[in-house]
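Undergrad: Pasting in a structure now, in structure tokens, and then I'll have a few things to ask.
Any read-out appearing in this document is the output of simple, stated calculations on the displayed coordinates, not a laboratory observation. Keep in mind it's a predicted model, so treat the numbers as computed, not measured. All Cβ positions, glycine included, derive from the backbone under ideal geometry; neighbour counts span all protein chains shown.
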Amino acid sequence: MSLPFITVFMTSRELYNGIMTAKMFYFYAVTALILLSIAFYLVFKKKSLTITLSLPDILILLYLAYNFLRLLTTDYSSFQDDYFIWLVLLTVLYFLWKYFITFNGNDKLNKPAIILFTVFLLSGLLQALYGIMQLYDISPGIVSNQFKVIGTLGNPDYFAGYLVSVAPFALGFYLLSKSNKTFNKPFTIFALITFLSCIYVLPSTLSRTSWLACGTGIVFIFWYKYHFTEKLKTIFNTQIKIKMVSIVAMSLIISFVIIAGLYQIKPESAFGRLLLWKVSFNMIEENPFMGVGFNKFDVAYNNYQAEYFTNGNGNNAERLLADNVRHAHNEYLQIGAEIGLIGLLIFLGIVGTAFKSRSSNDKTNSNKTLTEKNIINISAKAALIALLVFAFFSFPFHILPTLINFTFLLAVISKTNNPYFVKKITLGPSVIKPAAIIIIASVSIFTINYLQIYKAYYKWNDAFIAAKIGYFGSAKNEYARLFPVLKNNGEFLFFYGASLSAVGNYKEAIKFLEPAKQKFSDPNLYITLGQSFAKLNNFTKAESNLIHASNITPYKLFPKYLLAKLYFNHNMTENALDKANEIINLDTKIKTTAADEIKTEMKVLIEKINTSPVKAGM
């Protein structure tokens, strides 16, 4: 049950986008192995099985069911949607983790649970040490041309989010155990080393949001460590007032952190996020209850951003900061945009009930000693709070290793809370055995299918490299062989269509590029479509696609450059002049040689138009 925590270390240079996809395939493999092992055990189990469901458990099942409903009702969706598969498998792991986290009569952890928490902390420690090695240029593993400290996640923001999910938990383990003398000393020292390693490397990620998020989790730990609730009791008379003041105080602290975050991140980044959130709110406003579709934010957002600028909205600063967007950089907004306010309310219900229990396990009365169960509960809540704050400014729930940790923390809290509502369901052998057989069959089919996809990702990487170095013919042939397996992947369809366009097969390219728009949104997709239609002398569709690409990222010169050339080639000199002048006067985000060359060519185009006989006679 601890194998999923190892997901974070998986990378491959042989798979397409191997830093991320290797993690995904490993996670699928270990989860399939776990499910098959348990299913075979259940086939031979003769006794009944009692399942206990608390309110968070029911809400998690409801959230999965609602996402499944939105998947079914979302156009161009597939059961091979990886994010949906993540949700399904993690829901199963959530209940399995709850089952394996057990305590004896004195609320002490049993051995299987100790192993689980040890591997969880060890994964965080090793990941932090890996980042420290990168910081001092002694890392033997993956490197990035753009960033220095990335762990095994390929990006400092992803790396920071992962550390945030571990560090507060490790601190709580150490501080609360030290004062109560519960866990043995080597275990608490191990937790301290994990925390210090995470904190040491976290600043080098330059993710200020992660510092604020981690700080929030640490504040939560100190709140319990130094009995702030008990100190408030000396000021107020009733328990109700104590609870109210405690909640208000914590809310103010968290609110301060969130507001500070808006000012602490880089100014350009802050304004870029505000534009991103503004457009995301537009998505929610137009689709308030059901959203734009399950896992469709990255498909829909760029179209909404293009429409935003097409309608004359946005100032010059927003046009300069607009970019190709895949995530909302706010998980709550993204959930609301994708599956609507209904789905968002269910999600908020899940995290809300994590902090609600019938009788508190996390007693802070100085006359009472925290048990191991109490300490684990408080530590997990601290880490969960940190992740929830981080989720206001990033997308940790879309990074698989961090999402695994998030699910684990929910399972830990649910197990160690005293819930308000509990429903027990007893399943007899007549139900268990057929269910186990169905699980074995389903997992077997899933495994066979994803073995094919796994092999396809190897070949996709070969085709991608071939195209990158200019061997478009070889890439096109490889993509053609992979199409039956990867036909539901929008990014793959784009690459296939782009390689066809690069070798001059424009009609065939459009057959793949047009469907790609339903599953993948990228300015380069619309640029390639525009170029392909232009080669086929279909002016209307060439223009519309290039305009759309230009409106997604208004500061980019290349789509405007192609539009100017398109107008000039169709003798639309006034349009060509307007576009050429726009390019020359446009401030670029980053000064490049390519941008200078485009502006120089536009000056030549303007001069050519102004000195042409037609223009001169006007």
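Undergrad: For Ser54, enumerate residues with amide H under 5 Å from its amide H, sequence gap 5+ or separate chain, H modeled in the peptide plane.
TA: Amide H neighbours of Ser54: Lys423.
Undergrad: Could you point to the label whose value was computed as Rg and Dmax of the Cα atoms in Å for the structure here, given [x] 23.7, 79; [y] 26.6, 88; [z] 27.3, 98?
TA: Answer by label: [z].
Undergrad: Sorting Tyr99, Tyr301, Tyr496, Tyr26 on the 10 Å Cβ count, fewest up front, what's the list?
TA: Ordered from fewest to most neighbouring Cβ atoms within 10 Å, Tyr99, Tyr301, Tyr496, Tyr26 come out as Tyr99, Tyr26, Tyr301, Tyr496.
Undergrad: For a quick check: with amide H placed at 1.01 Å from N, whose amide H comes under 5 Å from Phe103's, ignoring anything fewer than 5 positions away on the same chain?
TA: Amide H to amide H, under 5 Å and 5 or more residues apart or across chains, Phe103 pairs with Asn110.
Undergrad: Hey, another quick one. How do Ser501, Ser474 line up, fewest other C-beta atoms within 10 Å first?
TA: Listed from fewest to most nearby Cβ atoms, that is Ser474, Ser501.
Undergrad: Classify the stretch 1-151 as rounded, prolate or oblate, taking a ≥ b ≥ c as the square roots of the eigenvalues of its Cα gyration tensor: rounded when a/c is under 1.5, otherwise prolate if a/b is larger than b/c and oblate if not.
TA: oblate
Undergrad: Set the bar at 20 Å for Cα to Cα. Now go through Lys185/Lys415; Lys476/Lys511; Lys459/Lys487 and name every pair that lies beyond it.
TA: Pairs exceeding the cut-off: Lys185/Lys415.
Undergrad: Still on this model: Using only the Cα atoms of the stretch 470-616, build the gyration tensor, take square roots of its eigenvalues as a ≥ b ≥ c, and label the shape rounded, prolate or oblate: rounded if a/c is under 1.5, else prolate if a/b is larger than b/c, else oblate.
TA: Cα axes put the stretch 470-616 in the prolate bin.
Undergrad: Still on this structure: What is the stretch 470-616's relative contact order, in percent, from Cα pairs under 8 angstrom and six or more apart in sequence?
TA: Relative contact order, the stretch 470-616: 14 percent.
Undergrad: Okay, moving on. Using θ = phi - 60° and the Karplus relation 6.51 cos²θ - 1.76 cosθ + 1.60, list the HN-Hα couplings for the stretch 109-114 in order, rounded to whole Hz, with x at every Gly or Pro.
TA: For the stretch 109-114, the Karplus-derived couplings read 5, 7, 4, x, 5, 4 Hz, x marking Gly and Pro.
Undergrad: With θ set to phi - 60°, apply the Karplus curve 6.51 cos²θ - 1.76 cosθ + 1.60 along the stretch 397-408 and write out the HN-Hα couplings as whole Hz, x wherever there is a Gly or Pro.
TA: In residue order, the calculated couplings are 7, 10, 10, 3, x, 6, 5, 4, 5, 4, 5, 4 Hz.
Undergrad: Follow-up question, since we're still on this one. Quick one: putting +1 on the C-beta of Lys and Arg, -1 on the C-beta of Asp and Glu, what dipole do you get for the chain around its Cα centre, in Debye to the nearest 20? All intermediate terms of the calculation are to be shown ahead of the outcome.
TA: Working: 57 positive and 35 negative charges, 441 e Å.
Roughly 2120 debye for the chain.
Undergrad: Okay, next question. Compute the FRET efficiency between Glu582 and Lys487 as 1/(1 + (r/R0)^6), taking r as their Cβ-Cβ distance and R0 = 41 Å, and round to the nearest 0.05. Let's see the in-between values first.
TA: Numbers: r = 39 Å, r/R0 = 0.94.
The value I calculate is 0.60.
Undergrad: Quick one: order Phe40, Phe159 by neighbouring beta-carbon count within 10 Å, fewest to most.
TA: So the ranking, lowest neighbour count to highest, is Phe40, Phe159.
Undergrad: Take the residue pairs Lys535/Lys591; Lys556/Lys591; Lys47/Lys433; Lys148/Lys381; Lys541/Lys591; Lys565/Lys599 and return only those whose Cα atoms are more than 19 Å apart. If you can, show how the numbers build up before the last one.
TA: Working: Lys535/Lys591 30 Å; Lys556/Lys591 11 Å; Lys47/Lys433 11 Å; Lys148/Lys381 31 Å; Lys541/Lys591 31 Å; Lys565/Lys599 13 Å.
The pairs that break the limit, which is 19 Å between Cα atoms, are Lys535/Lys591; Lys148/Lys381; Lys541/Lys591.
Undergrad: Between Ala317 and Ser78, take the C-beta separation as r, use R0 = 41 Å, and let me know the FRET efficiency to the nearest 0.05.
TA: 0.60
Undergrad: How much mean residue ellipticity at 222 nm does the chain get from its helices, if each DSSP H run of length 4 or more adds -39500 (n - 2.57) and you divide by all residues, to the nearest 500 deg cm²/dmol? Please list the in-between numbers first.
TA: Numbers: 26 runs with 430 residues, N = 618.
Theoretical 222 nm ellipticity from helices: -23000 deg cm²/dmol.
Undergrad: Still on this structure: I need to check one value: relative contact order of the chain, counting alpha carbon pairs closer than 8 Å and at least 6 residues apart, in percent.
TA: Details: 877 pairs, mean separation 116.8, N = 618.
Computed value for the chain: 19 percent relative contact order.
Undergrad: What's the angle, to the nearest 10 degrees (0 to 90), between helix 18-43's Cα axis and the longest principal axis of the chain?
TA: Once rounded, the angle reads 40 degrees.
Undergrad: Using the Karplus curve 6.51 cos²θ - 1.76 cosθ + 1.60 with θ = phi - 60°, what ³J(HN,Hα) values do you get for each residue of the stretch 209-220, in whole Hz, with x for Gly and Pro?
TA: Computed from phi, the couplings for the stretch 209-220 are 4, 5, 5, 5, 5, 5, x, 5, x, 5, 4, 4 Hz.
Undergrad: Taking the 0 to 90 degree range and rounding to the nearest ten, how far is the long axis of helix 331-353 tilted relative to the main principal axis of the chain, both from C-alpha atoms?
TA: 10 degrees
Undergrad: Once both axes come from the Cα atoms, what is the angle between helix 539-552 and the longest principal axis of the chain, in degrees from 0 to 90, rounded to 10?
TA: Taking Cα atoms only, the helix is inclined about 40 degrees.
Undergrad: Mind listing the long-range amide H neighbours of Leu427? Cut-off is under 5 Å, sequence gap 5 or more, other chains count too, H placed in the peptide plane at 1.01 Å from N.
TA: Leu49, Thr50, Ile51
Undergrad: Name the aspartates and glutamates eligible as straight-distance cross-link partners of Lys98: C-alpha to C-alpha under 19 Å, and not fewer than 8 places from it in the same chain.
TA: Leaving aside aspartates and glutamates fewer than 8 places away in the same chain, those within reach of Lys98 are Asp57, Asp107, Asp362, Glu372.
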